[in-house]
Structure formats: structure tokens, C-alpha cells
Amino acid sequence: MRRIAVLPGDGIGPEVLGGPVALLDELARRGLIELNGPWPVGASAFASEGDGLPGKTMAACEESDAILFGAAGEHPGVPPDAYRPEQALLLLREHFDLRVSIRQVVRAGRRPITIVRNLLGGAYGVAATRHESDGVAPAADELVLTRSQVEELAEIACDLVQQGQGSSLLSVDKANLFATSRLWRRVTGKVAHRRGVPVRHTYVDRCAFEIAHDDVEGVVILTEGIFGDILSDLAAGRAGSIALCGSASVNPGPPAHGRCVGLFEPVHGSAPRHAGTRRANPAGAYLATAAMLEWFPDTAAYGGAARSALAAVLRDGPFTYDLAGDGVAVGTDEFSAAVNARFLGRLPEATGGQDAS
């Protein structure tokens, strides 16, 4: 049975995870999954326990198949120079070799955009590839990619196209400038040709224009880590809200430590100005939850039910402040209740009419 470690994190993290965790609680009540947590992480954990990633949290993650993460960011009383909010996420990625990112941006009435990128290597190299400045000497960051890294990403992107998550592959690089991008273009082209997947190559600046101009829809974008980080936020902004993007950080191979092979989260940060208001849009957390359940074949049907339930609410309402326009906006809890009610209506179908309770 799949076990999920819940790490709410900082700021609005606990608020946006509340609805998805209630959904998972129902699956656990029926004996379909196990929940593990919540566990402290991030700046809030640093404030309460003196460590942004306590040993008990790491142990719980090792004992789980996947991590559902809320947000990492600032916390009152913890200055940024005392603890960098992203440290816990980076440590979890490295420890579990979560080297591949799969992000999906949804939009009511439109086909989603899926973005596949590297999380380790390239612009996300190890500490030895970063050379800090003392304020006088130059700073430098080495960007290194290997053929095998690009091949693995291209194979995963082609899998997603052939699974129906996109009609074609859009490979994005900067081959007119970077040697790594020229390697990227050669390797992705060969893999796509061998797999029989339609592919178009374009430069990252052209892709950014096309997304901003609303010319990109229903494709799988394959790109280097830092490009994908920026393009996914741009795509979410074009869709109407940063909350319309969910993220999966996965290890497609055997677990590096314990059982964990993935960390799933909304892409937005901790949004300190919204923390405690219970008005944040939890759609990204639901997208992350759906992606987490879909990653494992034995829970994929529940993920599909969660995704369908979210799509219905994004189409029909109720809407949070970022999507309501001139209409009436609801809070985090009301939005979550609407998604969960629709999910429960789809659950018997997803379980084949079987209930383990």
C-alpha cells in the first residue's frame, strides 16, 4: 500500500494542503493508501526545532513512497541570512535523487501544458559548480549536461506524449548561444525520431513569446531546468494564476534511499502576505496531489478522479479571488470543499465500485 508523507511547510502551505489532505484521508479511511504526518519542514521548522529538515522528517520521508509538500518560504522571526527557505527542498531532491521535474499548467476549457525539465545537473548543478564572489572576484556558475541526462528527460517527455498528455513535443533550448543547448537539440531530436514522436525545436525566448501570446496549448515542453522554471511560471500567469500549476519532482529509477521516489507540490511559494487569510487558491496543491496519485499505477485512478473534480470546479466555480474576476470570491476552505465533494462523487467509479472500508 502506498504511503504518503505530508510536509505542510511554511506560510500558506498548511492552508492549501488542508483540502487535498482531507481527500487523502478519505482514501486512507477506505484502506486505499496510508498517510504519514504532518511533519515539520522549512523555515517554520527551523524556528521551532532549530533545523529546517529535522531528522524525524527525513526518516518519515524515507519510510514513504512519496512526499506531499506545501510551500517553503519565510517565517516570522527567521531572518533569511539565518536560514535559506529553499534549503530543505534542495536537500530532499539530492537525498532522494529527484532529478526530473514534471510541471503541468491547467486552464479551464483549454488543453494543459506539461513541462519536463532537469532538477539536478545543468543550471541546478552541485555546490562544486558554483563559485561565489567575495565582492571583488567574479562569481561563476558552471552549466554541465551529459548526453545520458538529456536522453532520460527526452524519453520521459516522449512517454507523456504517447500517453496522451500532449499532441507533440516542443523542445526548447538556446542552441544559438550554449554548447549544452546544441547537445540538447541533437539528443532530443534523435530520441523523438526513434520514438516516432513529432518534435519542434525552438529557442527559449521564442517559446516565451509564444506562451505570452497564447499560442502554446496541449503540448509537452522539454527544456533545461532554469528555462523550464521560468516558462512554467509564465504559462501559469497566462492561464490566470500561479496556483494553476502543480509540480512533480521524481526519481524515475529505483529509490536512492528508503522508499521515496517523488516530491509533489504546488509551484507557488509560501506567499507570506496571504498566510492566515485562508483566501489562497489551493488548485496547485490539488494538481500536485493528482500527479502524485497518478505516478503510481495502483493509485492512478484516484488521481484521475481528483483531477476531474478540480477541472469541474475550475470550470463551474466557486472561484477564489485570483480567478473570480468581478464575481463573488470564496476562500480556500470553500473551494476545497467543492473539489472534495465532486471527488467523492467520482470515487466509486475510480475504485470500480469497491470499498475497502
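Run down VAL187, VAL150, VAL199 and say which single residue is in contact with a strand residue (DSSP E or B) (Cβ under 7 Å, 6 or more places away or on another chain), in contact (Cβ under 8 Å) with a residue 12 or more places away in the chain, on the phi < 0 side of the Ramachandran plot and of a type in the set (Val, Ile, Thr). Show your work before the answer.
Details: VAL187 fails: in contact with a strand residue (DSSP E or B) (Cβ under 7 Å, 6 or more places away or on another chain); VAL150 fails: in contact with a strand residue (DSSP E or B) (Cβ under 7 Å, 6 or more places away or on another chain).
Only one candidate qualifies: VAL199.
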Exercise for the section: Please find, within segment 98-113, the residue that is most open to solvent (accessible area, probe 1.4 Å) out of those that are more than 12 Å from ILE221 (Cα to Cα) and not small (Gly, Ala, Ser). Expected result: ARG111
Problem - Selected residue (criterion: surrounded by the most Cβ atoms within 10 Å (Cβ to Cβ)) from residues of segment 33-44 that are modelled with pLDDT of 95 or more and of a type in the set (A, V, I, L, M, F, W, C) - result: VAL41
Handout entry: Given (1) more than 13 Å from LEU92 (Cβ to Cβ); (2) surrounded by 24 or more Cβ atoms within 10 Å (Cβ to Cβ), index of the condition ARG30 fails
Key = (2)
Practice task
Spot the failing condition for GLY19; the list is (1) in contact with a Gly (Cβ under 7 Å, 6 or more places away or on another chain); (2) at pLDDT 95 or above; (3) crowded, with 23+ Cβ neighbours inside 10 Å, and only one is missed.
Solution key: (1)
Practice task
Pairs only if they're at least six apart or on different chains, beta carbon under 6 angstrom, first in segment 69-83 and touching a residue at least 40 places away in the same chain (Cβ under 8 Å) and farther than 19 Å from GLY37 by Cβ, second open to solvent by 30 Å² or more (accessible area, probe 1.4 Å) and hydrophobic (A, V, I, L, M, F, W, C); list them, first residue then second.
Solution key: TYR83/PHE46
Completion exercise
Of the conditions (1) touching a residue at least 40 places away in the same chain (Cβ under 8 Å); (2) part of a helix (DSSP H, G or I), the single one that ALA300 does not satisfy is (1)
Practice task
Quick one: GLY218 ticks every box in (1) open to solvent by 10 Å² or more (accessible area, probe 1.4 Å); (2) more than 23 Å from SER249 (Cβ to Cβ); (3) part of a loop (DSSP other than H, G, I, E, B) except a single one, so which number is it?
Solution key: (1)
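Any idea which of ALA324, ALA271, ALA300, ALA341 is among the aliphatic types (A, V, I, L, M) and within 15 Å of GLY19 (Cα to Cα)?
Among ALA324, ALA271, ALA300, ALA341, only ALA341 is among the aliphatic types (A, V, I, L, M) and within 15 Å of GLY19 (Cα to Cα).
State all residues of segment 312-322 that are in a helix (DSSP H, G or I) and open to solvent by 50 Å² or more (accessible area, probe 1.4 Å); if no residue qualifies, say none.
Within segment 312-322, the first condition is being in a helix (DSSP H, G or I), and the residues that meet it are 312-316, 321-322.
ARG315, ASP316, TYR321 - these are the residues of segment 312-322 that are in a helix (DSSP H, G or I) and open to solvent by 50 Å² or more (accessible area, probe 1.4 Å).
Return yes when ALA175 is surrounded by 16 or more Cβ atoms within 10 Å (Cβ to Cβ), farther than 22 Å from ASN251 by Cβ and hydrophobic (A, V, I, L, M, F, W, C) and no when it is not. Working first, answer last.
Working: surrounded by 16 or more Cβ atoms within 10 Å (Cβ to Cβ): yes; farther than 22 Å from ASN251 by Cβ: yes; hydrophobic (A, V, I, L, M, F, W, C): yes.
Answer is yes for this residue.
Could you check segment 22-64 and list, in sequence order, the residues that are part of a loop (DSSP other than H, G, I, E, B), more than 29 Å from ASN340 (Cβ to Cβ) and in contact (Cβ under 8 Å) with a residue 12 or more places away in the chain?
Applying the first criterion (part of a loop (DSSP other than H, G, I, E, B)) to segment 22-64 yields 30-33, 37-42, 50-54, 63-64.
With the extra rule that they be more than 29 Å from ASN340 (Cβ to Cβ), the set shrinks to 50-54.
Once the filter is applied, which keeps residues that are part of a loop (DSSP other than H, G, I, E, B), more than 29 Å from ASN340 (Cβ to Cβ) and in contact (Cβ under 8 Å) with a residue 12 or more places away in the chain, segment 22-64 yields GLY52, LEU53, PRO54.
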Problem - Scan of segment 7-21 for residues that are free of Cβ contacts under 8 Å to residues at least 60 places away in the same chain and under 17 Å from ALA72 (Cβ atoms), ordered by number - result: PRO14
Problem - Residues of segment 239-287 satisfying the condition of being of a type in the set (Val, Ile, Thr), open to solvent by 10 Å² or more (accessible area, probe 1.4 Å) and not in a loop (DSSP other than H, G, I, E, B) - result: ILE242
Fill in the blank from the handout: Of the conditions (1) closer than 27 Å to SER171 by Cβ; (2) touching an Asp or Glu at 6+ places or on another chain (Cβ under 8 Å), the single one that CYS260 does not satisfy is (1)
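Tally the residues that are assigned to a strand (DSSP E or B), open to solvent by less than 60 Å² (accessible area, probe 1.4 Å) and not hydrophobic (A, V, I, L, M, F, W, C), restricting the search to segment 65-87. If you could, list the steps in order and put the result at the bottom.
At the first step, the residues of segment 65-87 found to be assigned to a strand (DSSP E or B) are 66-71, 75, 78.
Then keep just the ones that are open to solvent by less than 60 Å² (accessible area, probe 1.4 Å); that gives 66-71, 78.
Now restrict to residues that are not hydrophobic (A, V, I, L, M, F, W, C): 70.
Number satisfying all stated conditions: 1.
Among the residues of segment 288-297, which ones are farther than 21 Å from LEU314 by Cβ and either in a strand (DSSP E or B) or hydrophobic (A, V, I, L, M, F, W, C) (or both)? First the steps, then the outcome.
Filtering segment 288-297 down to residues farther than 21 Å from LEU314 by Cβ leaves 295-297.
Across segment 288-297, the qualifying residues are TRP295, PHE296.
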Practice task
Kindly establish whether ALA208 is buried (at least 23 other Cβ atoms within 10 Å of the Cβ), outside any loop (DSSP other than H, G, I, E, B), free of Cβ contacts under 8 Å to residues at least 60 places away in the same chain and not β-branched (Val, Ile, Thr).
Solution key: no
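Given the criterion open to solvent by 10 Å² or more (accessible area, probe 1.4 Å) and at positive phi, identify the matching residue among GLY304, GLY325.
Working: GLY304 fails: at positive phi.
The unique qualifying residue is GLY325.
The values are calculated or read from the model by the stated rules, or taken from the named source; none is laboratory data. Just so it is clear, the structure is predicted and the values come from calculations on it, not from any experiment. Cβ sites come from the backbone with ideal geometry, for glycine too, and all protein chains shown count toward neighbours. Areas reflect the complete protein model, heavy atoms only, side chains present, ligands, DNA and RNA absent. Shrake-Rupley method; radii C 1.70, N 1.55, O 1.52, S 1.80 Å.
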